[in-house]
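First up is the structure itself, then whatever we jot down about it.
No value in this document is a laboratory result; all are computed from the given coordinates. What you are looking at is a predicted structure, and each value in this text was computed from that prediction instead of being measured.
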Amino acid sequence: MSELIEKTKPHPLFKLATELGPLLVFFFVNARFNLFAATGAFMVAVVAAIAASYVVTRHVPIMAIVTAVVVLVFGTLTLVLQDETFIKMKPTIIYALFASVLGGGLLFGRSFIAIMFDQVFNLTPQGWRILTLRWALWFAAMAVLNEAIWRTQSTDFWVTFKVFGMVPLTMLFAFTQMPLIKRHSVEPATLDQSSADEGDVSKG
């Protein structure tokens with residue numbers, strides 16, 4: 001008999017701090033020094049946020065892990081080569097990667113949105129597909145937007161928009177998906193049920 005291990009649910013403020021903390025560090029260090037110093041501080045802050053999340057919850061969401069890997073790779077390239085291009089392209093790479101995973105999964109009849117966002121809720125197969133498609137298109141649009149911003153605007157403008165533009169826009173988009181989630185919800189979710197639903201979606 002397999003044993004279900006519940007993940008510790010952190011306080012919402014703790015979750016917010018681990019997600020926004022590194023970005024705020026990036027913004028303030030850039031304002032005080034320069035983008036290269038901000039990149040180094042950002043890398044340290046991202047690793048610290050993941051470590052804190054694991055210590056408190058004994059779990060790290062897959063999105064946080066993927067993001068951290070890309071930050072460390074592109075941050076290192078930025079510092080070693082002293083080229084701002086790499087850190088500016090980092091959001092584009094992350095958004096394009098998420099869009100590709102979600103869109104590619106749909107082509108093969110699979111929905112990875114619950115796994116990607118580490119969510120525990122039950123939706124109908126149609127609900128999973130619609131939600132996955134919407135997020136895939138959103139990530140693709142954000143990748144294009146990031147490219148447009150960093151290629152046409154100043155570094156300071158890009159940093160400000162990255163922290164105070166992209167984050168609020170993404171939170172607003174997530175909020176607008178609540179009617180869809182409520183409309184296609186099946187019943188209060190459990191981890192067992194979520195796993196079963198993911199299996200159903202993958203076969204659909």
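Data for the structure
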read-out	value
Viscosity 0.890 mPa s, 25 °C: Kirkwood-radius Stokes-Einstein D of the range 49-170 over Cα pairs, µm²/s	155 µm²/s
Residue-by-residue Karplus 3J(HN,Hα) for the range 59-69, coefficients 6.51, -1.76, 1.60, Hz, glycine and proline x	7, 10, x, 4, 4, 5, 5, 4, 4, 4, 4
